[in-house]
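The values are calculated or read from the model by the stated rules, or taken from the named source; none is laboratory data. What you see is a predicted model, and the numbers here were worked out from it, not measured in a lab. Cβ sites come from the backbone with ideal geometry, for glycine too, and all protein chains shown count toward neighbours. The accessibility values were calculated without ligands, DNA or RNA, using every heavy atom of the protein model including side chains. Shrake-Rupley method; radii C 1.70, N 1.55, O 1.52, S 1.80 Å.
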Amino acid sequence: MDLYSLIPYLPLPLILSALAITWRYETSRYFLLLLLLVELVDEALNQISVGWSTHLYLYCMIMNLAFIVPVVFRVPIAHWLYRVTNISFFERVAKNTRFALQEIGLLAIFAASFLLNLVVYVEVWLYKLYVIDSLLILDNVRSGTQSTLHVLMCFGLMTYVAKTPARERFYNG
């Protein structure tokens, strides 16, 4: 196994490390726990989805949307969790959450991955229906672009972690 094939698995240890580093900041902890939950689902389904030759790209699009949910909807999720569990942690998180610049970068990365997988999914179907003769984007663009997006996501997470103390300075626990 080479480094290139390990790139898709980088987010899991990075999120775990980020959690350890930012544990004392509740809003970051909550955000990273949501990302970890989605990443664990992705890892659990990865071996199954790889066998879905055509629908792998649909699965990737669904997972991209799943990664967007913690970024965009974490405050409503926290409100819902507080109503369901009555745990004050979720109330504090909902009240103190601020949207970070790095999250815009993560959204852009997930959106780019979604669009790439959408194009590849359409391309695969066009190929299967004999409309086109070759899989140009799948064969020449997708792997390198997806690896680049995974690395950029890791850099975005590292920046998020590095900026956490300054971003959450207002928070008094």
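A few comments on the model shown:
- Boolean, Arg29 is of a type in the set (Lys, Arg) and open to solvent by 30 Å² or more (accessible area, probe 1.4 Å): yes
- For region 99-128, filtering for residues that are of a type outside the set (A, V, I, L, M, F, W, C) and without any contact (Cβ under 8 Å) to a residue 12 or more places away in the chain leaves 1.
- Reported count of residues in region 139-170, each being more than 21 Å from Leu6 (Cβ to Cβ) and either without any contact (Cβ under 8 Å) to a residue 40 or more places away in the chain or crowded, with 17+ Cβ neighbours inside 10 Å (or both), is 9.
- Taking region 48-59 as the range and being of a type in the set (Phe, Trp, Tyr) and either in a helix (DSSP H, G or I) or more than 30 Å from Leu129 (Cβ to Cβ) (or both) as the test, the residues that pass are Tyr57, Tyr59.
- Where Ser53 falls short, out of the listed (1) open to solvent by 80 Å² or more (accessible area, probe 1.4 Å); (2) modelled with pLDDT of 95 or more; (3) of a type in the set (Gly, Ala, Ser): (2)
- Boolean, Tyr160 is closer than 21 Å to Cys60 by Cα and hydroxyl-bearing (Ser, Thr, Tyr): no
- Residue check for Ile15: in contact with a helix residue (DSSP H, G or I) (Cβ under 6 Å, 6 or more places away or on another chain), more than 21 Å from Ser147 (Cα to Cα), surrounded by 12 or more Cβ atoms within 10 Å (Cβ to Cβ) and of a type in the set (Val, Ile, Thr): no
- Arg92 surrounded by fewer than 14 Cβ atoms within 10 Å (Cβ to Cβ) and touching a residue at least 40 places away in the same chain (Cβ under 8 Å): no
- Filtering region 70-87 to residues that are of a type outside the set (A, V, I, L, M), crowded, with 17+ Cβ neighbours inside 10 Å and either in contact with a Gly (Cβ under 8 Å, 6 or more places away or on another chain) or farther than 9 Å from Leu34 by Cβ (or both) leaves only Tyr82.
- Number of positions in region 102-137 that are in contact with a helix residue (DSSP H, G or I) (Cβ under 8 Å, 6 or more places away or on another chain) and either surrounded by fewer than 17 Cβ atoms within 10 Å (Cβ to Cβ) or within 20 Å of Ala66 (Cα to Cα) (or both): 23
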